[in-house]
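Enquirer: I have a structure I would like to understand better, so I am pasting it below and will then ask my questions one at a time.
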Amino acid sequence: MRRLVSITTLLLLAAVAAQASVDDVIRKGFNVNAGGRLTLDASFGDVKVVTGGNGVAIEIVRRARTADKSEAAEIFKDHEITFDQNGNDVFIKSRYDHPNRWFHWNDSLSVQWNIRVPKNYSVDLRTSGGDVHLTDVSGEVEVRTSGGDIDAGRITGPADLRTSGGDIDVMSASGNVNAHTSGGDIKVGDTTGSVEVKTSGGSIELARVSGDVNARTSGGGIRIEEARGRVDASTSGGSITARFAQQPAGDSRLSTSGGSVTVFLAANVGADLDAHSSGGGVRSDLPITIVGSQERDSLEGKINGGGPRLVLRTSGGGISVQRM
């Protein structure tokens, strides 16, 4: 019995030692005005950016996964961080040269970047191993991460967001949005500009888009709550649903190889419909002036006297055109 208790105690102590860590916090401030740019080139770590107040405030929380303070000091030393300022622009760069890095990716160190910038300020953020979270940024936004999600919040200005291993979520944007991911879903809220979104492994959901839409996915469906411009959307692995709230300025094309296509049109939208399905029928609840002969799997004609081309294609489902 005593032997069992001793073994249990040793196991508990080993678990506690494995979870032990040493924290280190770096704080830095810069006196800048609105209209500048923050550039962060982080070797890894999660990044959080908020807006408000004066100047740029930086808090870097580092955690060395060891109970040995001497070893922790060496780990922190190997994580080099440099700061620079040029006028209203702030530059942060880090590199990590710990010997074990290449064998155990960042097992010995975790980093959280907490940054506050002025309300009207642009950000350029790069990290190779973490999530990026933004709150109400009122400038240009550029984000690159190879291993996490991007939560962009509300953006006032153009946004270029790219990740190789996560989801992208934009609450709303007042400029053009360019979002690419190779491994997740994309959601974009109300946008006054144009939207270009591409993913190889997830679905796409767009709210109200005032500009043009370019959407591509190989692994999910596409849903556009309200399109006010041209739409070019295609998927190889799901259905497409789009609502046209007003007359588009040019031609639109919606195509899928793995699902249905459903289009809703406002009462005053005119279009030259060109719909073909290889895996289901084509139907319309709207009056159409037929051009040529009508077949079960194809429908060509003019809606409300005609207008820009509305091309609908599917190889794996039906096509439906309905009134909003």
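The values are calculated or read from the model by the stated rules, or taken from the named source; none is laboratory data. Quick caveat: nothing in here was measured; it's all calculated off a predicted structure. Cβ atoms come from the backbone with ideal geometry, glycine included; neighbour counts cover every protein chain shown.
Enquirer: Taking residue 234 and the conditions (1) farther than 24 Å from residue 281 by Cβ; (2) in contact with a strand residue (DSSP E or B) (Cβ under 9 Å, 6 or more places away or on another chain); (3) of a type in the set (S, T, N, Q), which numbered condition does it fall short on, given that it satisfies the others?
Expert: The number of the failed condition is (1).
Enquirer: Let me ask something else about it. Here is a list of conditions, (1) at pLDDT 95 or above; (2) buried (at least 17 other Cβ atoms within 10 Å of the Cβ), and residue 87 meets all of them except one; can you say which number that is?
Expert: Just one mismatch for residue 87, condition (2).
Enquirer: State which residue is modelled with the lowest pLDDT when the search covers only the range 306-324 and only residues that are farther than 17 Å from residue 249 by Cβ and either part of a loop (DSSP other than H, G, I, E, B) or not assigned by TED's automatic domain parsing to the domain that holds residue 253 (or both).
Expert: Looking at the filtered set, the residue picked out is 316.
Enquirer: Among the strands (runs of 3 or more DSSP E) contained in the range 23-72, which hold 3 or more residues that are over 18 Å from residue 135 (Cα atoms), out of contact with any strand residue (DSSP E or B) (no Cβ under 8 Å at 6 or more places or on another chain) and polar (S, T, N, Q)?
Expert: Because the criterion is at least 3 residues that are over 18 Å from residue 135 (Cα atoms), out of contact with any strand residue (DSSP E or B) (no Cβ under 8 Å at 6 or more places or on another chain) and polar (S, T, N, Q), no strands (runs of 3 or more DSSP E) in the range 23-72 meet it.
Enquirer: Using the structure shown, decide if residue 141 is closer than 25 Å to residue 54 by Cα, touching a Gly at 6+ places or on another chain (Cβ under 8 Å), touching a residue at least 40 places away in the same chain (Cβ under 8 Å) and among the hydrophobic types (A, V, I, L, M, F, W, C).
Expert: Answer is no for this residue.
Enquirer: If you take the residues of the range 225-246 that are among the basic types (Lys, Arg) and outside any strand (DSSP E or B), which of them is modelled with the lowest pLDDT?
Expert: It comes out as 228.
Enquirer: Under 6 Å between Cβ atoms, at least 6 apart or on separate chains: pull out the pairs that start in the range 147-167 with a residue that is among the polar types (S, T, N, Q) and end on any residue that is not in a loop (DSSP other than H, G, I, E, B).
Expert: 163/145; 163/150; 163/181
Enquirer: Look at the range 231-267 and say how many of its residues are in contact with an Asp or Glu (Cβ under 6 Å, 6 or more places away or on another chain) and hydrophobic (A, V, I, L, M, F, W, C).
Expert: Number of matching residues: 1.
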